[in-house]
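Asks: This structure is in structure tokens; I'll ask about it shortly.
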Amino acid sequence: MCVGRASRTHAWNETPPVSYPPISHPALRAALALVLLLAVGDCARPARAESKAESKAKMQSLDEQVQDIKSDVLGIATQLDRLEERLLYPSNTEVAVFVSVAEGETFRLDSVQIQIDGEAVARHIYSFKELEALQKGGVQRLYTGNIQTGDHRLDVHVAGKSGASDVNASQTFGFRKEAGPKLVGITLAGGGSSIELGGW
């Protein structure tokens, strides 16, 4: 009898088995789906980064192509300008007149006007920046045109200011046009009152 009681007592003290909810439980299913979504998102990030890098590389390549096209267009435009100049001003009739200021001159040049064989061909009014460029050694092409070979007359008129005084100077020069382009240089000196002519 005692043994039987002991057996029953031991059986009563046994811990009953734990029952877990099945995997099909709605809460677990939702949690598992969330974990999978987060994992897929982490895996997709490098792909997105790689896609952005590829897009940036393509944009850089496109910018380089645009710059190359711009350079080509500018080169073609320069060649067309040179061709137009050759057609408009053949070397056997071309004459070009340039203006410069002697080194150290500080007078304010307002305008230069030139005539060839009594005909007014060019007049230019100078801005501050243009005058500054001339005073720093720059040279301006004032006129390009066509004349026949032979002897010609060039009249130059200069207006400006030297200190508080107005400057109005005129000078007449003779030059000869030979076969080939003729380049004539006008140099202003003496506070604008001296005009010198030279060949280039």
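Asks: Please give the peptides 159-172, 178-191 ranked by average Cβ packing (other Cβ atoms within 10 Å per residue), highest first, as a rough proxy for protection.
Replies: Order by mean packing, descending: 178-191, 159-172.
Asks: Considering only protein heavy atoms, what is the solvent-accessible area of LEU109 at a probe of 1.4 Å, reported in Å² to the nearest 10?
Replies: My reading of the accessible area for LEU109 is about 0 Å².
Asks: Averaged per residue, what accessible surface does the range 89-150 expose to a 1.4 Å probe, in Å²?
Replies: 55 Å²
Asks: For the pairs LYS129/LYS161; LYS136/LYS182; LYS70/LYS182, flag any whose C-alpha to C-alpha distance is greater than 28 Å.
Replies: With Cα atoms farther than 28 Å apart: LYS70/LYS182.
Asks: Gain in length, GLN79 to LEU197, computed as 0.36 nm per residue apart minus the alpha-carbon separation, to one decimal in nm?
Replies: That pair, GLN79 and LEU197, stretches by 39.4 nm at full extension.
Asks: Using a 1.4 Å probe and counting only protein heavy atoms, arrange GLU64, GLU132 so the residue with the most accessible area comes first.
Replies: GLU64, GLU132
Asks: Determine the gain in length on full extension of the stretch SER51-ASP166; use 0.36 nm per residue of separation and subtract their C-alpha separation, reporting nm with one decimal.
Replies: 34.4 nm
Asks: A follow-up question, please. Which order, highest average first, do 55-61, 113-119 follow once you tally other Cβ atoms within 10 Å for each residue and take the mean per peptide?
Replies: Listed from highest to lowest mean packing, they are 113-119, 55-61.
Asks: State, to one decimal in nm, how far the label point of THR149 lies from the label point of LYS58, with both points 7 Å from Cα in the Cβ direction.
Replies: My value for the distance between the label points is 6.4 nm.
The values are calculated or read from the model by the stated rules, or taken from the named source; none is laboratory data. Please read these numbers as outputs of a predicted model, since none were measured by experiment. Neighbour counts run over all protein chains shown; Cβ positions are idealised from the backbone, glycine included. Note: accessible area is taken over every heavy atom of the protein model, side chains too, but ligands, DNA and RNA are not part of it. Shrake-Rupley method; radii C 1.70, N 1.55, O 1.52, S 1.80 Å.
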